[in-house]
1. Just tell me, in residue order, which DSSP H segments of chain B are both 20 angstrom or longer along the helix axis (alpha-carbon based) and at least 1.0 in mean Kyte-Doolittle hydropathy.
2. For chain A, I need the span (max minus min coordinate) of the C-alpha atoms along each principal axis, in Å, sorted largest to smallest.
3. For residue B:21 and residue A:288, what does the FRET efficiency come to when R0 = 30 Å and r is the distance between their Cβ atoms, rounded to the nearest 0.05?
4. Could you give each residue of segment A:268-273 its phi-based ³J(HN,Hα) in whole Hz, using Karplus coefficients 6.51, -1.76, 1.60 with θ = phi - 60°, and x for Gly or Pro?
5. Could you give me the percent of Cα pairs per 5 Å distance bin for segment B:32-179, shortest bin first, beginning at zero and ending with the bin that holds the maximum distance?
6. Can you work out D for the protein assembly as shown in µm² s⁻¹ from Stokes-Einstein, where Rh is the Kirkwood radius over C-alpha pairs, the temperature is 25 °C and the viscosity is 0.890 mPa s?
7. Give the average, rounded to an integer, of partner chain Cβ atoms located within 10 angstrom of each Cβ in B:83-95.
8. How well do other chains shield peptide A:107-118, expressed as the mean number of their Cβ atoms within 10 Å of each residue Cβ?
Amino acid sequence: MSTETLTSATDTPLGTASTGRIHLTFPRVVRSEWIKFRTLRSTVWTLATTIVLMVGISLLFAWGVTSSTGAGGNPEDFGGLTGANVVTGGYYFGQLTLAVLGVLVISGEYSTGMIRSTLAAVPTRLPALWAKALVLGVTSFVVSSIAIGLSYVATRAMLDPIDLATDLGDPEQIRILLGTALYLTAIALLAFAFGALLRHSAAALAAVLGLLLVVENVFLLIPLTFFEKISPFLPSTAGSQLMMPQAQIDLMAQSATGAVLTPWEGFAVLAAWVVVLLGVAAVLLKRRNA
Amino acid sequence: MIEAHGLTKRYGSKTAVDDVSFTVHPGKVTGFLGPNGAGKSTTMRMIVGLDRPTHGTVTVNGRPYAQHRDPLRQVGALLDAKAIHTGRSAYNHLLAMGATHGIGKTRIREVIEMTGLESVAKKRVGGFSLGMGQRLGIASALLGDPRTLILDEPVNGLDPEGVVWVRNLVRYLASEGRTVFLSSHLMSEMALTADHIIVVGRGRVLADATTADIVARAAGTTVRVRSPQASRLVELLAGPGVSFTSTAPQAVEITGSTAEAIGEAAAAAQLVLHELTPVNGSLEDAYMSLTQDSVEYHSGEPGPHTDHAGAHTAPATQEGAHR
């Protein structure tokens with residue numbers, strides 16, 4: 001191929017890339033990150049798994065509620081449980097798959113060396129980080145919303161007869177549905193920040209899943225004042241308030257020794273975690289050698 | 001045009017690049033040589049802003065790389081063939097890279113064709129051979145049709161045909177007035193490709209000159225003589241600064257004299273000469289003598305010690321040296 005290829009190389013020396021419009025813009029960096037995001041099989045699989053898990057769990061949840069109600073129970077016995085909680089019951093598993101996705105979006109570039117190509121193309125670096133976060137955030141929100149929508153449709157036939165159907169006219173129910181999508185988006189971005197900070201897939205996954213699944217639950221269980229004071233401000237515990245029915249929050253307020261955050265206060269705390277960690281990740285990205 | 005001024009990089013207590021200054025000019029192929037650990041890759045990474053210099057500055061086409069609005073149009077870099085996500089296809093990799101600058105699909109197809117990747121463009125990069133990965137790295141470097149090319153070990157893993165292709169490509173790109181800066185461990189290849197050479201060792205610049213100058217300066221000139229009376233000739237010529245290496249019975253290589261002086265001495269003594277050939281040193285010899293004190297990782301010599309200066313690989317490298 002030597003001569004032929006060389007000829008074709010020399011025929012188009014300045015080629016189609018030589019027009020004056022070839023330069024960096026933020027929307028173009030976002031487009032690039034979107035192409036990168038959608039052209040990996042792991043992304044597609046993780047998102048599909050998120051939807052299947054969330055819809056599946058909400059169906060199981062609805063089945064459980066229906067069968068116990070059918071056996072003589074009453075929706076009132078579920079401690080203020082609303083239809084929206086059943087619909088979004090898969091959030092716990094959804095946060096795991098989205099956290100994995102959030103970590104891999106950035107740590108996968110470090111483990112393969114791709115980050116050097118990325119930063120050579122965008123040498124000011126931060127636009128690439130923000131573009132990745134934007135693509136991840138928007139996709140996580142859209143996919144969570146789709147999963148919640150499908151769960152709503154799938155569980156409707158079961159929840160209607162026991163009077164637990166989600167009332168889309170009720171602000172609290174809407175807050176729970178929307179809040180779940182926002183919560184999952186924030187968790188994906190939190191995981192992304194961990195990935196950007198630690199730069200190793202295994203380390204970042206261990207850190208973020210360890211925090212969400214182990215540390216936060218352990219803190220909840222330890223009956224010492226220190227832990228009870230800290231616990232409500234940990235990212236997942238705080239953010240979960242947004243998905244909690246008011247009745248349940250009121251119940252917590254009666255017994256809790258630590259702070260009981262309102263739904264939006266709780267989400268603000270989670271968002272603050274994300275902003276601070278992303279900020280630190282941005283400073284380090286700017287400073288570190290790639 | 002690449003201009004480095006007092007470029008220094010320290011990793012902890014280790015100094016990888018130590019106060020390096022050089023200029024890489026457009027219209028020429030500039031080779032970057034040095035032993036492993038000499039700081040070549042670190043220097044190249046600093047040029048494109050991947051590593052931050054501890055001291056000093058480096059500019060490309062007049063500005064620090066990161067200050068260009070169109071970095072991929074300014075510099076195409078192949079720094080590490082592994083700088084590509086293994087889960088993505090070659091086409092999608094190039095598409096994503098180009099998208100940052102608004103480079104369209106036509107150009108993507110052009111560079112795929114240029115680098116001979118048509119048949120594997122849609123396959124995932126994880127399954128690529130070293131040579132295919134290298135071609136994709138070169139395709140990425142060419143994507144923005146850059147004024148300056150920085151290629152770290154571009155022929156690494158390429159088949160002989162690929163080596164020739166890279167040589168022709170970089171010489172062509174330089175002839176168009178672009179700046180080409182490439183490193184390689186293959187001396188004979190570098191001698192054929194580069195017009196100008198910068199040699200580094202232990203983070204410092206050891207030599208910065210044209211390829212021909214470097215070869216001539218470091219290796220000196222040797223004359224190969226064959227004569228039935230070789231031993232008599234050696235006695236005649238013996239003196240300070242002249243050394244002899246016997247390469248075969250009746251053959252000797254003489255360093256520190258000239259073909260003219262040897263021929264005249266032989267005629268005066270009425271000695272028969274069967275051969276009188278000036279032999280230029282190779283780039284490899286020049287490189288070895290320049291870097292022998294600064295090799296970071298010495299390998300054990302297999303068997304009896306052999307002097308590098310004894311091994312002249314003349315014709316191919318001479319051609320390069322005289323370019």
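Every number here is computed from the coordinates shown, using simple stated rules; none is lab data. Keep in mind the model is a prediction, meaning the values are calculated, not measured. Positions of Cβ are generated from backbone atoms using ideal geometry, with glycine treated the same way; all protein chains shown enter the neighbour counts.
1. none
2. Its Cα atoms span 83, 45, 30 Å along the three principal axes.
3. Details: r = 26 Å, r/R0 = 0.85.
Step by step, r from the Cβ atoms, then E = 0.75.
4. 4, 5, 4, 4, 5, 4
5. The distribution over segment B:32-179 is 2, 9, 18, 22, 22, 16, 8, 3, 0, 0, given as percents.
6. 86
7. Per residue, the average neighbour count from other chains is 5.
8. Counting other chains' Cβ atoms within 10 Å and averaging over A:107-118 gives 5.
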